[in-house]
Amino acid sequence: MSVSTITTMLFSYYLSQKQEGVNYHKRIFVGMIVTVAIFAFLALTCFADFFIFMKDYTFFALLMLTVLLSAMASSLAQNGALASANVLGSIYTNGVMVGQAIAGALPPLALICSILLTGKDKLEETHPHKARNAGLTLYFLSACLVAFLAVFMLGLANRYKNAHAYVAVEEGEDEEPINITPKKHVPFGLLWQKLKLIVMTIFLTFCITLVFPVFASTVTSVRENSENLFFKKSIYIPVVFLIWNIGDLAGRVLCGMANSAFLVKNPNRLIVYAVARVVFIPLFLTCNIHPGSSAPFISSDFWYILLQFLFGLSNGQLCTSCFMVIGDNCSTNEEKEAAGGFATVFLTFGLAVGSVLSYLLIPIVG
């Protein structure tokens, strides 16, 4: 997480400064091509004996390199997508945010399916190392497939319509096409003056959200000894990750509905809402954070799953609201394009700070 978030933060800042003459659609394309290659390679490392029995330090160094390259690829794709969407209108931005949430929901779903369908228990008898990695192999292959489809669909879009001449939905076909290749540099000072409350909300939202993996990977069912497969740790934890991502997806989709009351447009309300999410941390501490050693304050799986869903819902609502209203607070297309990279810097900064602060919770939860 530290390598990923810090790399993403630094590279996103670099991309945000490279504005003049940039083809944002090319950034998306390059980022996704690299992502396809990385996830195909990672799927191979989960199954091939050459990588499974590689020396620990060698494999760790190789893994960190793939994490670094993946973070750079994600930065490229995200920077290009948000820059383009900000110019075209808020509904396009919502599409980007919903796409991110769908991507977040697929890995835990793939892991659950792999455990249920691959015959893991039988495989463990003959190839225990491959049994442990079966879910991860499907995890990376599903990510690879999604990235490949994105590249294919982007290629189709560029084939049938000039990538530099998209038209905003709100403006209609008779309007002059929008040029999404910026001609001048927009300073961060100007963007900060107009967007400071919004980008600080983005920072706080993702900083607080990074406590989610700490609890989701530790808290188990209060009925783990039950014969029901759902309450077993191998299924329960991926289901919790899926529940959080479903909440996140729901929050993003609701923001994109016509005249949505779920969309928060006021910057002051956004930042107050972001700060208020801190209350989830003490609420999570009431759950089964020390399974087998001490009884939870509230012994209920429903309570814990509800908290995870609401935590994901609030994340989706906040981050989508922020990115959808950024364009409304900018005056020119150049500002809207630059604002995508500007906001991404604060998003990645929030993830980086959140990943570091999450270490403080480990002694409490562990």
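The values are calculated or read from the model by the stated rules, or taken from the named source; none is laboratory data. As the structure is a computational prediction, the values presented were derived from the model and not from experiment. Don't worry about glycine lacking a Cβ; one is built from the backbone with ideal geometry, like all the others, and counts go over all protein chains shown. Note: accessible area is taken over every heavy atom of the protein model, side chains too, but ligands, DNA and RNA are not part of it. Shrake-Rupley method; radii C 1.70, N 1.55, O 1.52, S 1.80 Å.
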Restricting segment 3-19 to residues that are among the small types (Gly, Ala, Ser) and surrounded by 21 or more Cβ atoms within 10 Å (Cβ to Cβ), the residue that is nearest to Phe346 (Cα to Cα): Ser12
When you check Leu82 against the structure, is it open to solvent by 30 Å² or more (accessible area, probe 1.4 Å) and assigned to a helix (DSSP H, G or I), yes or no? no
Restricting to segment 239-270, name every residue that is open to solvent by less than 40 Å² (accessible area, probe 1.4 Å) and at pLDDT below 90. Gly256, Ser260
Consider only pairs whose beta carbons are under 9 Å apart and that are at least six residues apart or on different chains; among these, list those whose first residue lies in segment 282-311 and is of a type in the set (Gly, Ala, Ser) and whose second residue is open to solvent by 20 Å² or more (accessible area, probe 1.4 Å). Gly292/Glu224; Ala295/Val222; Ser299/Val222; Ser300/Val222; Ser300/Leu306
Return the pairs, sorted by first residue and then second, in which the second residue is open to solvent by 20 Å² or more (accessible area, probe 1.4 Å) and part of a loop (DSSP other than H, G, I, E, B), the first residue lies in segment 327-355 and is touching a residue at least 24 places away in the same chain (Cβ under 8 Å), the beta carbons are less than 6 Å apart, and the residues are 6+ apart or on different chains. Glu334/Lys184; Ser355/Met1
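Listed here are the residues, each with its yes/no results for (1) farther than 30 Å from Gly247 by Cβ; (2) touching a strand residue (DSSP E or B) at 6+ places or on another chain (Cβ under 8 Å); (3) open to solvent by 20 Å² or more (accessible area, probe 1.4 Å); (4) modelled with pLDDT under 75.
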residue: Ala103; (1), (2), (3), (4): no, no, yes, no
residue: Leu141; (1), (2), (3), (4): no, no, yes, no
residue: Val146; (1), (2), (3), (4): no, no, yes, no
residue: Asn162; (1), (2), (3), (4): yes, no, yes, yes
residue: Tyr166; (1), (2), (3), (4): yes, no, yes, yes
residue: Glu171; (1), (2), (3), (4): yes, no, yes, yes
residue: Gln193; (1), (2), (3), (4): yes, no, yes, no
residue: Thr201; (1), (2), (3), (4): no, no, no, no
residue: Leu204; (1), (2), (3), (4): no, no, yes, no
Give segment 281-328 a look and list any residue that's under 22 Å from Leu360 (Cβ atoms), of a type in the set (A, V, I, L, M, F, W, C) and surrounded by fewer than 20 Cβ atoms within 10 Å (Cβ to Cβ), or say none. Ile281, Leu283, Leu285, Phe297
Out of the residues in segment 85-96 meeting the condition of being under 17 Å from Arg252 (Cβ atoms), aliphatic (A, V, I, L, M) and out of contact with any Phe, Trp or Tyr (no Cβ under 6 Å at 6 or more places or on another chain), tell me which one is surrounded by the fewest Cβ atoms within 10 Å (Cβ to Cβ). Ile91
Of everything in segment 210-228 that's open to solvent by 10 Å² or more (accessible area, probe 1.4 Å) and under 21 Å from the mean Cα position of the chain (by Cα), which residue is farthest from Tyr13 (Cα to Cα)? Thr218
Given the residues Thr66, Thr5, Thr58, Thr35, which is the only one that is part of a helix (DSSP H, G or I) and at pLDDT below 90? Thr5
